[in-house]
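Beneath this line is the structure, given in structure tokens, with notes to follow.
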């Protein structure tokens with residue numbers, strides 16, 4: 001065993017250094033540059049300002065907080081951050097409400113059909129996310145399939161306006177992120193020792209009590225993993241609000257995109273990014289801690 | 001069977017059916033309406049394959065597809081290589097300076113909003129380009145982005161396989177005199193080929209599908225297929241997009257079904273060999 005733990009230390013260093021160097025260059029360094037840029041002015045020539053200038057033998061360091069002050073004072077940005085958190089939270093809760101029973105029934109299905117049920121959850125995930133979101137446009141449009149259906153059934157008298165509202169946004173987000181909730185929950189629930197439920201029932205618990213007091217607490221780590229896998233990316237989602245959202249559905253990912261591509265204000269876009277990272281830092285830490293404990297379950 | 005458990009069973013079946021309906025409804029809609037004859041969307045007016053014909057003459061989509069395919073193959077290879085390194089490190093080396101930072105960085109792209117990864121990476125690449133005159137935004141920069149994203153997914157898949165593997169196998173090899181690199185190539189690698197294959201497929205489809213990173217990292221004239229589709233989807237509904245969707249779904253379904261059948265067969269064969277070895 002000790003021989004396995006300590007292979008030739010040169011080889012070990014090489015194996016660690018390769019992915020470490022790559023991540024430091026492609027993941028960490030970009031964030032440091034964004035952080036740096038968020039404290040600079042917009043360069044009228046386009047591109048980068050600099051924090052330090054070297055004039056007449058004197059090194060000047062100038063830290064501009066104006067980008068952050070602007071974000072804090074501009075009501076639109078504050079509202080957008082809050083609204084992104086709100087939509088991410090709604091998405092997470094709905095995914096949990098739909099996904100938990102789903103994963104539960106999957107895990108309690110006959111063992112022979114479980115792999116098929118699992119593959120059926122994965123399969124849409126393998127087909128283009130973009131195209132599946134695009135399809136909802138056709139379903140929810142005023143002249144869309146759902147309205148046609150409801151009109152022909154006589155449920156409604158005139159087409160419902162569903163596209164480009166918070167309704168269509170939430171549908172799209174729940175749809176896109178549901179598998180991310182189901183998979184870790186399933187992985188957790190399928191491993192549960194069912195003898196705990198027998199024990200609960202022997203001790204006089206009704207099935208419902210056993211569910212709430214045994215099954216749910218035992219699946220806590222699955223719930224946390226699923227919630228993080230949904231919540232964190234949902235905060236910064238761009239494609240879904242762009243395709244299904246409307247003027248009333250503020251999302252920070254979209255604002256960031258516009259700030260960068262339309263207004264070309266790189267320092268401000270950097271500051272927006274830094275604040276988003278700060279918002280998701282705690283959930284990220286929770287996710288990472290969970291991953292460190294049970295890496296096999298986080299299979300996304 | 002008493003009434004309650006019967007009720008529970010039917011409730012479970014109902015919930016699962018509704019859930020699958022929700023997951024598959026958009027896919028069915030895409031496929032059905034790709035054969036719609038009218039341009040006026042989402043009103044069925046007859047069967048037609050005209051949008052597939054229109055697709056064949058759509059240079060933008062065809063070029064985009066070619067580029068996407070190239071990038072997907074390249075980034076799947078690089079992501080699986082780097083992801084395996086990362087998985088190996090996370091599985092084997094429990095103590096080294098910076099392990100916390102390493103595991104954080106290796107898994108962060110799984111959840112980090114893509115707009116953030118894309119913007120940061122682009123700003124760095126622009127800075128590098130200012131300093132060295134390289135790289136131009138285009139295929140190469142998109143490849144870097146997709147490798148970063150894919151690596152995190154590949155690491156999860158490979159790591160979970162490494163964990164299932166019994167350490168006894170490697171110990172036995174070492175006892176028999178294998179050097180560490182021989183242990184890796186003769187014992188570890190053959191045991192994780194399946195995981196490497198699924199990681200490759202996963203990162204391949206991730207790359208083929210990615211729109212946000214690609215949009216940040218692409219340059220003029222390097223529009224991948226998702227970028228083309230996205231720019232049309234923003235404008236409204238386009239039946240040619242439905243045709244693209246149907247073709248993608250067809251190819252992916254065949255690919256997934258064939259590969260899962262092959263994997264199941266390989267798994268059965270492996271189990272049979274293990275059983276035979278145990279008997280002997």
query: If you take the residues of the stretch B:142-176 that are more than 11 Å from chain A (Cβ to nearest Cβ) and without any contact (Cβ under 8 Å) to a residue 60 or more places away in the chain, which of them is nearest to residue A:26 (Cα to Cα)?
result: B:165
query: Among the numbered criteria (1) over 30 Å from residue B:184 (Cβ atoms); (2) modelled with pLDDT under 90; (3) surrounded by fewer than 20 Cβ atoms within 10 Å (Cβ to Cβ); (4) within 9 Å of chain A (Cβ to nearest Cβ), which single criterion is violated by residue B:20?
result: (2)
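Return yes when residue A:260 is under 23 Å from residue A:121 (Cβ atoms), within 9 Å of chain B (Cβ to nearest Cβ) and surrounded by 21 or more Cβ atoms within 10 Å (Cβ to Cβ) and no when it is not.
no
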task: Restrict the check to the stretch A:115-129 and report whether at least one residue is more than 29 Å from residue B:239 (Cα to Cα), more than 10 Å from chain B (Cβ to nearest Cβ), touching a residue at least 60 places away in the same chain (Cβ under 8 Å) and touching a helix residue (DSSP H, G or I) at 6+ places or on another chain (Cβ under 6 Å).
output: no
query: Which one is farthest from residue B:138 (Cα to Cα) among residues in the stretch B:53-68 that are crowded, with 17+ Cβ neighbours inside 10 Å and more than 24 Å from the chain's Cα centre (by Cα)?
result: B:55
field: Within the stretch A:168-204, considering residues that are within 14 Å of chain B (Cβ to nearest Cβ) and more than 20 Å from residue A:107 (Cα to Cα), the one surrounded by the fewest Cβ atoms within 10 Å (Cβ to Cβ)
entry: A:170
task: Evaluate the following for residue B:184: is it modelled with pLDDT of 85 or more and either more than 26 Å from residue A:133 (Cβ to Cβ) or within 21 Å of the chain's Cα centre (by Cα) (or both)?
output: no
task: Considering only the stretch B:97-124, state which residues are at the interface with chain A (Cβ under 8 Å from one of its Cβ atoms) and assigned to a loop (DSSP other than H, G, I, E, B).
output: B:98, B:112, B:113
- request: Identify the single condition in (1) at pLDDT 80 or above; (2) in contact with a helix residue (DSSP H, G or I) (Cβ under 9 Å, 6 or more places away or on another chain); (3) more than 8 Å from chain A (Cβ to nearest Cβ) that residue B:38 does not satisfy, given that it satisfies every other one.
  value: (1)
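Within the stretch A:202-215, track down each residue that is in a helix (DSSP H, G or I) and in contact with a helix residue (DSSP H, G or I) (Cβ under 8 Å, 6 or more places away or on another chain).
Matches in the stretch A:202-215: A:207, A:209, A:210, A:213, A:214, A:215.
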- line: In the stretch B:125-141, residues that are within 25 Å of the chain's Cα centre (by Cα) and either within 7 Å of chain A (Cβ to nearest Cβ) or without any contact (Cβ under 8 Å) to a residue 60 or more places away in the chain (or both) total 1
message: If I filter the stretch A:55-69 for residues that are loosely packed, with under 13 Cβ neighbours inside 10 Å, at pLDDT below 90 and assigned to a helix (DSSP H, G or I), do I get at least one hit?
response: yes
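Name the helices (runs of 4 or more DSSP H) wholly within the stretch B:129-231 that hold at least 1 residues that are surrounded by fewer than 23 Cβ atoms within 10 Å (Cβ to Cβ)?
Output list reads B:139-164, B:167-175, B:180-183, B:189-209.
Looking at residue B:251, is it over 13 Å from the mean Cα position of the chain (by Cα) and facing chain A (nearest Cβ under 10 Å)?
yes
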query: Say we look at the stretch A:237-251 and pick out the residues that are touching a helix residue (DSSP H, G or I) at 6+ places or on another chain (Cβ under 9 Å), over 22 Å from residue A:98 (Cβ atoms) and in contact (Cβ under 8 Å) with a residue 24 or more places away in the chain; which of these is surrounded by the most Cβ atoms within 10 Å (Cβ to Cβ)?
result: A:250
field: Per-region count, the stretch B:232-247, residues facing chain A (nearest Cβ under 9 Å) and either under 19 Å from residue B:114 (Cα atoms) or buried (at least 22 other Cβ atoms within 10 Å of the Cβ) (or both)
entry: 6
task: Run residue B:108 past the list (1) within 21 Å of the chain's Cα centre (by Cα); (2) at pLDDT 90 or above and report the number of the one that doesn't hold.
output: (2)
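Let's see how each residue does on (1) more than 7 Å from chain A (Cβ to nearest Cβ); (2) at pLDDT 85 or above:
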{"residue": "B:56", "(1), (2)": "yes, no"}
{"residue": "B:63", "(1), (2)": "yes, yes"}
{"residue": "B:78", "(1), (2)": "yes, yes"}
{"residue": "B:81", "(1), (2)": "yes, yes"}
{"residue": "B:86", "(1), (2)": "no, yes"}
{"residue": "B:95", "(1), (2)": "yes, no"}
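The values are calculated or read from the model by the stated rules, or taken from the named source; none is laboratory data. Model, not experiment: these values are computed from the prediction. FYI the Cβ positions are ideal-geometry reconstructions off the backbone, even for glycines, and counts take in every protein chain you see.
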